[in-house]
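See structure below.
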Amino acid sequence: MNTQSLVGDREKARYLLGGIYNTALGYTLFALLYTGLHRRVHYLAILVIAQSVSVANNYMVYRWFVFRVRGHALADGARFSTVYLVTFLANLAALPFLIDVAGLPALVAQAVVIVGVMVTSYLAHKRFSFRRPPN
């Protein structure tokens, strides 16, 4: 196995660990807020709150633990935010469809969306958010 392949495998393993942590944090926050507030606050407002809190945490985990990049923090942050904005908008579109059209419970629907976001965001963050020129 060449060293570049090994580095890529380690990065994917770190992404999986970081993704599990980030997903658990974001989903737990959504679930707690939904459980406590769903009778008074619409599930999309709860999603906005949960996403807003978890994105800052995700940036730090991906930047320092997964992709291990240095420098360019503002540019990385802007690209990272762009990726999360796109995935957030997809989440905003998918959640009502899964709940109101497909009839899934809110917590199940959000879990379904998270799986798709996790796979897509790895590629987007690797190739866009935290890209660096080849050595």
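The values are calculated or read from the model by the stated rules, or taken from the named source; none is laboratory data. Worth saying up front: this structure is predicted, and the values here are computed from it rather than measured. Neighbour counts run over all protein chains shown; Cβ positions are idealised from the backbone, glycine included. Each accessible area value is taken on the protein alone, full model and side chains, heavy atoms only, with ligands, DNA and RNA left out. Shrake-Rupley method; radii C 1.70, N 1.55, O 1.52, S 1.80 Å.
Worth pointing out:
- Of the residues making up the range 53-68, none is closer than 23 Å to Y15 by Cα, assigned to a loop (DSSP other than H, G, I, E, B), in contact with an Asp or Glu (Cβ under 9 Å, 6 or more places away or on another chain) and among the β-branched types (V, I, T).
- Any hit, the range 92-100, residues being closer than 21 Å to A13 by Cα and either in contact with a helix residue (DSSP H, G or I) (Cβ under 7 Å, 6 or more places away or on another chain) or at pLDDT below 90 (or both): no
- Condition met for F88 (assigned to a helix (DSSP H, G or I) and either open to solvent by 60 Å² or more (accessible area, probe 1.4 Å) or touching a His at 6+ places or on another chain (Cβ under 8 Å) (or both)): no
- Pair list, Cβ under 6 Å, 6 or more apart: the range 78-90 residue acidic (D, E), other residue part of a helix (DSSP H, G or I): none
- Conditions (1) surrounded by fewer than 14 Cβ atoms within 10 Å (Cβ to Cβ); (2) closer than 14 Å to K126 by Cα; (3) within 16 Å of the chain's Cα centre (by Cα); number of the one not met by D9: (3)
- Any pair with Cβ under 9 angstrom, 6 or more apart, that starts in the range 57-77 at a residue that is over 14 Å from K126 (Cβ atoms) and basic (K, R) and ends at one that is open to solvent by 40 Å² or more (accessible area, probe 1.4 Å) and modelled with pLDDT of 90 or more: none
- Extreme residue, nearest to N91 (Cα to Cα), among residues of the range 38-51 that are free of Cβ contacts under 8 Å to residues at least 60 places away in the same chain and open to solvent by 50 Å² or more (accessible area, probe 1.4 Å): V48
- Test for A93: is it among the small types (G, A, S), open to solvent by 60 Å² or more (accessible area, probe 1.4 Å) and out of contact with any Leu (no Cβ under 9 Å at 6 or more places or on another chain): yes
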